[in-house]
Amino acid sequence: MKKRDIILMNAPFTDLSEKKIRPALVLAQLQDDLLICFIGSKIDKSAPHDILIKSDADNKLRVDSAIKCNKLFTLHYSLIKGVLGTVPPKIYDAVIQKIVRIIR
C-alpha cells in the first residue's frame, strides 16, 4: 500500500457495536501502520472538510463519495482487507492542503 491508494478496512461504528467494510484513503506509511482518511458515501456539499470524488475505473468506488479530511486515523496493516483503487495526484494534493488548513 502506498500514498493515494484507496483501501478497504473494517471500520467500527462510533459506538463500537458493529464493524463494516469501508474505504479509506492512504495518506502516509508509518512503519507498521498507515495514516488514513475516511471515505463516505453520504455527500453533504456544504461540509467544509469534505472533498467530493466521482466514482470511476481508477478509484473503483461503487458510488460518488466524499473524502472526510477531518476524519484521520492510523490503522495497522493487519486490519486492511485489500486495495480498491487509487486517486489522482490532484485529489491527493487537495486532501493534504485541506488537512493542513484544518490543523493550522
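Throughout, read-outs are computed from the coordinates displayed, never taken from laboratory work. Remember, predicted model here, so these are calculated numbers, not experimental data. Ideal geometry is used to build each Cβ from the backbone, glycine not excepted, and the neighbour counts take in all protein chains shown.
Would you work out the charge dipole size for the chain about its Cα centre, treating the Cβ of every Lys and Arg as +1 and the Cβ of every Asp and Glu as -1, and quote it to the nearest 20 debye?
On the way: 18 positive and 11 negative charges, 41 e Å.
So the dipole magnitude of the chain works out to roughly 200 debye.
Could you work out how far apart the two model spin labels at I102 and V63 are, taking each label as a point 7 Å from the Cα in the direction of the beta carbon, and quote it in nm?
Spacing of the two 7 Å Cα→Cβ label points: 2.2 nm.
Separation between the D44 and F73 pseudo-spin-labels, each 7 Å from Cα along Cα→Cβ, expressed in nm?
In this crude spin-label approximation the distance works out to 1.8 nm.
Give me the percent relative contact order of the stretch 42-104, please, defined on Cα pairs under 8 angstrom at least 6 residues apart. Walk me through the numbers on the way to the answer.
Values: 56 pairs, mean separation 20.9, N = 63.
Computed over the stretch 42-104, the figure is 33 percent.
Go ahead and estimate [θ] at 222 nm for the chain from helices alone: -39,500 (n - 2.57) per DSSP H run with n ≥ 4, summed, over the residue count, rounded to 500. Don't skip to the answer; put the middle values down first.
Numbers: 1 runs with 15 residues, N = 104.
The per-residue figure over the chain is -4500 deg cm²/dmol.
Determine which lysines satisfy two conditions relative to K42: a Cα distance under 24 Å, and not lying fewer than 8 residues away in the same chain.
Here the lysines satisfying the reach criterion relative to K42 are K3, K19, K20, K54, K60, K68, K71, K81, K90, K98.
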